[in-house]
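What follows is one structure encoded as structure tokens, with my remarks underneath.
The values are calculated or read from the model by the stated rules, or taken from the named source; none is laboratory data. All of these numbers come straight from a predicted model, not from anything done at the bench. Glycine gets a Cβ as well: all are built from the backbone with ideal geometry, and neighbour counts include every protein chain shown. Just the protein is used for accessible areas: all its heavy atoms, side chains included, with ligands, DNA and RNA removed. Shrake-Rupley method; radii C 1.70, N 1.55, O 1.52, S 1.80 Å.
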Amino acid sequence: MKPYILSHTNYKALRKEKFQVALLPWGATEAHNFHLPYGTDNFETAAIAAKSAGLAWENGTRCLVLPHIPFGVNTGQHDIPGTINLYPSTQSIILHDILESVLNSGIHKILILNGHGGNDFKQMLREAGRGFPEMFLATANWFQSVDKTILFKNQGDHADEMETSLMLHLEPSLVLPLDQAGPGNSRTFDSQALNESWAWSERQWSKVTDDTGIGNPKEATAEKGEAYFKAVCSKVAQLIIEIGKLENDNPYGK
């Protein structure tokens, strides 16, 4: 039993603890090239949440990991079989109910650990902050926490070398041989501005890529995945520790 994971612990143990932070892993269910499972984002995010909370726990920060949410915003993949989509408005309702439950449990801080690029919780937290003024609300994208170029030669953002390496470390039995993976080639907008960071339009996945991957996974290894996993968990754990120390009334320092 891990006392910092809600689905592992029990009421006898839980009622003795005073938790500082609730950690909510939020993933997605979608195709990841030909070689990775539909649950890739969920396996990754749940594992990073558990390990990070464990590191924070060892440091003295009482963080409670909530069960992960396995569905995300996948409106751009609506025509790909097996995709499960939650609209942002639905996510907002789910988040509101979770915040209410977390607050009723005596926890006044929550960190959403996001593992899917289609999810964006910033505006939801802006709105939720008005309804839960006594809570500290934060979100973090674990896949942006560590510079990927240090470990991975081929860059992408979906079922790429990084994600494939991570899954080879975490769930190798669910990864097909890499000679069965697609190349992860992708098309860009016929607009310079929309391919830059300051402008945006949703990508239609079935038109952007032939294998649902973006980024060549062929050079992925479990060793790279393990190194990346440790680096990300260390970064996320430090964030949890820092949030645990914040004062809700004034988290900005002196």
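Points worth noting:
- Looking only at the range 38-81, and only at residues there that are among the β-branched types (Val, Ile, Thr) and in a helix (DSSP H, G or I), the one that is surrounded by the most Cβ atoms within 10 Å (Cβ to Cβ): THR40
- Residue list for the range 186-211, filter: under 21 Å from VAL73 (Cα atoms), open to solvent by 100 Å² or more (accessible area, probe 1.4 Å) and among the polar types (S, T, N, Q): THR188, SER197, GLN204
- Within the range 157-174, the residues that satisfy the criterion of being open to solvent by less than 20 Å² (accessible area, probe 1.4 Å) and not in a helix (DSSP H, G or I) are HIS158, ALA159, ASP160.
- Within this structure, GLN123 passes the test of being out of contact with any His (no Cβ under 6 Å at 6 or more places or on another chain), more than 20 Å from ILE214 (Cα to Cα) and surrounded by fewer than 18 Cβ atoms within 10 Å (Cβ to Cβ).
- Residue check, GLU202 under 21 Å from the mean Cα position of the chain (by Cα) and not polar (S, T, N, Q): yes
- Answer residue from the range 82-112, given it is open to solvent by 10 Å² or more (accessible area, probe 1.4 Å) and assigned to a loop (DSSP other than H, G, I, E, B) and is nearest to MET124 (Cα to Cα) among those: TYR87
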